[in-house]
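For reference, the structure discussed in these notes is given below.
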Amino acid sequence: MSTNVRTSRLLFGITAALLSGSFLVFSMPARTQTPETSRTRRVGEAATASPTPPPADPKQDPQDSDEVVRVETNLTSIFFTAADSSKRFINNLKKQDIRILEDGQPQEIFTFQQNLDLPLSIAILIDTSRSEERTLPDEKAAARAFVEAVMRPDKDEAAIVSFTGEVTLEQGFTGNLERVRRAIDRVEFVPPSGYIGGGVVVGGTPPISDTNQMLAGSTAIWDAVWASSNELMSISADHTRRTIILLTDGEDTSSQVKMHEAIERAQKADALIYAIGIGDSYQGGVDTGKLQKITEQTGGRAYFPHNESELRSAFAQIQRDLREQYLVAYSPQNKARDGSYRRIQIEIVEPELRKQKLKLNYRPGYFAKTAEPESPAKRRTYP
């Protein structure tokens, strides 16, 4: 493969349809934008119409921490859920029932809250590549039912993202349920040039461009997660529970970033990732291992439904997971602002509860603050 072709494959942007009706392009790291076309409009035109905003005034925008709840303290805050062997949620834990360790060292717990009901910022990422052609209608129906059940007026917000080899922001964060519904309805299967159905592509149909043909026929899952974490979550409302719901078969074919880079970016954005592994068995099925890894490393869960009923059940489980969380906060003994990754372990210490072998689900670590953190994107105050 020539250098020019490889470079062309690595050029990437999100075309964002914001509430105002204007369009922005958010680039992937250390790459240059090119005027490739997108489903919404030409990226080159969007980039010209939307200049880079000036740096935020530090006096107006306080620096955010890399902790789960961004507040101007030295506390590290971690959300977790507890379930028994029958996957029933346990909602009566107390502070004295657990202990928390950071890099193996016990920490003093300052805050312990149960059934925390924070506002939600939910980004739903929908794979529209050819492996999802058969399942996409059911995915859209389940996603609509989910947002209708979970979104509360003037409290929660949602965004809709679709992706193949490129990523399109169908709807930026909004608390308007009807806008979210319309965005889900707009999501559609994107066939590559020469596609005749059933996963079959034939030659003889000239594509608009080699790059567009390549993008439509590929899947960039990790790019979608990275870009959503880096750009979309950075403008979500303050003090919300940030969540990415990823609907895909887990088969990435064209991302310019690696899976571990997408995981790290989601961790730094304090975003839980829930994956619903769904795909066409005729197209190779689902890569369960990768989806389990990206969810475990960010504190979410992976589900692998086999029919529409199980798909809706997975969304219902995610909804309950988000509503029945504990929050534990502590001041780390390690005060170094070195940007290092700190591993977290939460353990049950109450003897009777230990016998139940409860399953605790939480993000296994976080990145410490740095002495000179990056200037974050300006966040919205919702609504």
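One table, with the values for the structure above:
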| item | result |
| --- | --- |
| Relative pair counts by distance (%), Cα atoms of the range 90-196, 5 Å bins | 2, 10, 17, 15, 11, 9, 9, 10, 10, 4, 1, 1, 0 |
| Those chymotrypsin sites (Phe, Trp or Tyr not before Pro) in the range 83-158 that DSSP places in a loop and that have at most 11 other beta carbons within 10 Å | none |
| The range 240-346 - Rg over Rh from alpha carbon coordinates, Kirkwood radius | 1.02 |
| Derived scalar couplings ³J(HN,Hα) [the range 92-106; Karplus, 6.51 cos²θ - 1.76 cosθ + 1.60; whole Hz; x for Gly, Pro] | 10, 5, 10, 3, 6, 7, 10, 9, 10, 10, 10, 6, x, 9, x |
| Cα-based reach from LYS258 at 16 Å (exclusive), listing lysines while leaving out same-chain residues under 8 positions away | LYS268, LYS290, LYS293 |
| GluC sites (Glu not before Pro) restricted to the range 97-159 and DSSP loop, no more than 16 other C-beta within 10 Å | GLU108 |
| Extension gain from LEU101 to ARG144, taking 0.36 nm per residue of separation minus the Cα-Cα distance | 11.6 nm |
| By accessible area with a 1.4 Å probe, ligands and nucleic acids excluded, highest first: order of SER229, SER313 | SER313, SER229 |
| Computed label-point distance, nm, for sites ASN334 and LYS94 using a 7 Å Cα→Cβ extension | 3.2 |
| Lysines whose Cα lies under 24 Å from that of LYS94, excluding same-chain neighbours fewer than 8 positions away | LYS355, LYS357, LYS359 |
| ³J(HN,Hα), Karplus 6.51/-1.76/1.60, whole Hz, each residue of the range 163-173, x for Gly, Pro | 7, 10, x, 10, 10, 10, 7, 6, 8, x, 4 |
| Trypsin sites (Lys or Arg not before Pro) lying in DSSP loop within the range 291-375, provided at most 15 other Cβ fall within 10 Å | LYS335, ARG337, LYS357 |
| Where ASP280, ASP138, ASP252 fall by accessible area, highest first, once all protein chains stay in place (1.4 Å) | ASP138, ASP252, ASP280 |
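The values are calculated or read from the model by the stated rules, or taken from the named source; none is laboratory data. All of these numbers come straight from a predicted model, not from anything done at the bench. Reconstructed Cβ throughout: ideal geometry from the backbone, glycine too, with neighbour counts over all protein chains shown. Side chains are part of the model used for accessible areas, which takes the heavy atoms of the whole protein and leaves out ligands, DNA and RNA. Shrake-Rupley method; radii C 1.70, N 1.55, O 1.52, S 1.80 Å.
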